[in-house]
Amino acid sequence: MSHSDNLREKIESKSTIRVGGAFDAMSAKLVEMHGFDAIWAGSFAISATHALPDASIMTMTEFLHATTNMVDACKIPVIADCDTGFGGPSNVSHMVKKYEGAGVAAISIEDKIFPKQNSLLEGGIQDMLSEKEFVAKIIAAKEAKRSPSFMIIARTEALIAGLGMNEAIQRARAYEKAGADAILIHSKKNTPDEVFEFADTWGGKLPIVIVPTSYPSVNLSDLQKHKIKMIIYANQTLRASYASMNRVLEQIKNSDSLSSVKEEISAMEEIFKLQKMYELKTEEEMIKQNLKKMGYIS
Ligand code: SPV
Ligand code: MG
């Protein structure tokens, strides 16, 4: 079963899909090991690990490289945050071919102008593309995909840009009509109210996706009551890594040995397991057996 079939199947069979954010193969692997349904390869987290702004600075190829590492390391589907699609409809078309070819299950594109800035940046520029121009990108994406299961998530930033609920609903309906496979409604409010209002009002058939970074106290059962299908925990792994590395580095710098951080860091054993060091032995043994059979060694 392909990754996109797998994601579709989960969407159909489960009431809620929980997606963990990742920024490289190791964080993606941890998301998988903790039983999440899928991985979010987010532009904020990937940019941050390159110490670059989440502002369309990195190229498509750089994002694709980071995302492909996640796909190669994991069995669960990867959802790629493709920002504004790296340009116009022709760029989106090229992007979809590349991402689908790499085994990504779904891409998300948002209706802001390139270059975009992170949606939650205080005082950030959140200029929107016209509905028509974004519909053109969805059409391009739909035409470019090969498998019908490959998902195009249309993300509207209407609430982020302060354009209001009516605009958000109207755009979501237009994006559904254009052939999107899911609608991501983003909000920077610190309560889920406007996301709930959106979910209760829009009346379309597509699954609704949310990113509750700014309203983290919202709980699963309330999201389910409002029929929100997919929850993306976009950047908690990144922020946990940042906080943890900072703490440990400070402790190391302030002490004369490593004993103070022993309890704070993983055993190398755990990392060996994650990187499959122990599987090398089995592989080597298999090669040896084959060489034996072929008479090269006794
Ligand atoms: C990301 O994780 O890169 C996102 C979500 O796009 S947000 O940071 O809220 O814009
Ligand atoms: Mg992003």
Margin query: If you take every residue apart from Ile160 with its C-beta less than 13 Å away from the C-beta of Ile160, what net charge results, scoring Lys and Arg +1 and Asp and Glu -1?
Written below: -1
Check: Where Lys and Arg each count +1 and Asp and Glu each count -1, what net charge lies around Asn6 among other residues with Cβ under 15 Å from its Cβ?
Finding: -2
Checklist line | In degrees, nearest ten, helix 60-73 long axis to first principal axis of the chain (Cα) | finding: 50 degrees
Margin query: Helix-only estimate, please: 222 nm mean residue ellipticity of the chain, summing -39500 (n - 2.57) across DSSP H runs of length 4 or more and dividing by its residues, to the nearest 500.
Written below: -14500 deg cm²/dmol
Check: With each label point set 7 Å from Cα along the Cα-Cβ vector, what nm distance links Gln251 and Arg173?
Finding: 5.6 nm
Next item on the list: Using a Förster distance of 25 angstrom, determine the FRET efficiency expected from the C-beta separation of Glu143 and Ile57, and round it to 0.05.
Entry: 0.35
Notebook entry, point to check: Taking the simple approach of a point 7 Å from Cα along Cα-to-Cβ for both Lys97 and Lys293, what is their distance in nm?
Noted result: 4.1 nm
Item checked: Cα-based reach from Lys273 at 28 Å (exclusive), listing lysines while leaving out same-chain residues under 8 positions away -> Lys10, Lys29, Lys75, Lys262, Lys281, Lys288
Item checked: For region 1-119: rounded, prolate or oblate by the Cα gyration tensor [a/c cutoff 1.5] -> prolate
Note to self: Taking the number of other C-beta atoms within 10 Å as the exposure measure, put Glu167, Glu157 in order starting with the fewest.
What the structure shows: Glu167, Glu157
Item checked: Gaussian network model of the chain, Cα within-10 Å springs - most flexible of Tyr278, Tyr99, Tyr215 -> Tyr278
Checklist line | Candidate aspartates and glutamates for bridging to Lys292, where Cα separation is under 15 Å - those fewer than 8 sequence places away on the same chain excluded | finding: Glu283, Glu284
Next item on the list: Net charge near Ser93: determine it from the other residues with C-beta under 13 Å of the C-beta of Ser93, scoring Lys and Arg +1 and Asp and Glu -1.
Entry: +4
Next item on the list: Stick to Cα atoms and the Kirkwood definition of Rh, then tell me Rg/Rh for the chain.
Entry: 1.04
Check: Antiparallel DSSP bridges in the chain: what percent, to the nearest 5?
Finding: 5 percent
Check: Taking the Cα centre of the chain as the origin, how large is its charge dipole in debye, to the nearest 20, when only Lys and Arg (+1) and Asp and Glu (-1) carry charge on their Cβ atoms?
Finding: 740 debye
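Every number here is computed from the coordinates shown, using simple stated rules; none is lab data. Everything quoted here is computed from the prediction, not taken from an experiment. Cβ: placed from backbone, ideal geometry, glycine included. Neighbour counts: every protein chain shown.
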